[in-house]
Amino acid sequence: MTKEVRTALVTGANKGIGLEIARQLAQAGVLVLIGARDRDRGAAAAAKLALAGLNARFIALDLGDHASIAAAAETIRAECGKLDILVNNAGIVDAADGPPTSGSPDAARRILETNFIGTLAVTQAMLPLLRLAPAARIVNLSSSLGSLTLNGDPTSPYYSARLIGYNASKAALNMLTVQLAEELRDTPIVVNSVSPGYVKTDLTGHTGFMTPEEGARLPVEYALLGEKAVSGQFVEPSGRTPW
């Protein structure tokens, strides 16, 4: 009997960690949908993976456009019938972000609109498809900067990284993980926040100490969790992260 192929949607997957997550999931035998708002870049990323013999397709998806999100969900329903894995990877930073005393409120709004509101909208749109899978997995790409505990700990290496918009967006994303995991606790859907670590990407200005390949490993591990998966966790490469 042929094993049914799992389908994954990775948002913001045309480059960086998102593309590497897509690559590693496809290498594990998953059909990966490359979610991207830029059609040319998204199609090029999918073609690059396909050229390597991997099962990947581009799907247009803009977290700031709810019509785009609804259209993506309908396309997945029509072409795949269900969704087994949702990796909420897409996120932005803003040069005008900063400490609470000087960070731009407009920048904070832009960041929250994408990193939290957009992710919430995608998750809600995909939930009916995730419910059709036998054991769906949702991975929210968070950050240790979203930990209230670490933000308030003077001994933490993240203590001085005061970016009110970005940090708040990841704290809000963690709230989505906590509440959604509780709401879905009587279902086979597992939801976790995963901090990939400090990765060299465009988002970090390539100042990280991990490669995208290394940064993708933990999100992929949680996307592929087996039957005894625990939901509602916040983890990073070194272990559990405090909320």
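Need the C-alpha centroid separation for the stretch 71-102 versus the stretch 11-28, integer Å.
What the calculation gives is 13 Å, centre to centre.
Go through 210-217, 94-101 and give me the packing order, highest mean Cβ count within 10 Å leading.
The densest-packed peptide leads the list: 210-217, 94-101.
Show which aspartates and glutamates lie in cross-link reach of Lys82 when reach means a straight Cα distance below 14 angstrom and same-chain residues fewer than eight apart are skipped.
Partners within reach: Glu4, Glu74.
Between the DSSP loop rule and a limit of at most 14 other Cβ atoms within 10 Å, which chymotrypsin sites (Phe, Trp or Tyr not before Pro) in the stretch 88-176 are left?
Passing sites in the stretch 88-176 are Tyr159.
State the antiparallel share, in %, of DSSP beta bridges confined to the chain, rounding to the nearest 5.
5
Mind ordering 188-197, 78-87, 128-137 by average Cβ neighbours within 10 Å, highest first?
188-197, 78-87, 128-137
Going by how many other Cβ atoms sit within 10 Å of their own, how do Asp62, Asp40, Asp186 line up, fewest first?
Lowest to highest Cβ neighbour count: Asp186, Asp40, Asp62.
Roughly how far apart, in whole Å, are the Cα centres of the stretch 34-62 and the stretch 150-189?
Rounded to whole Å, the Cα centres lie 29 Å apart.
Would you calculate a helix-derived [θ] at 222 nm for the chain, using -39,500 (n - 2.57) for each DSSP H run of n ≥ 4 and dividing by the full residue count, to the nearest 500?
Using -39500 (n - 2.57) per qualifying helix, the result is -12500 deg cm²/dmol.
FYI, it's all coordinate maths here, none of it is from the lab. Fair warning: this is a prediction, and the values are worked out from it, not measured in the lab. Because the Cβ atoms are built from the backbone with ideal geometry, glycine has one as well, and the counts that use them run over all protein chains shown.
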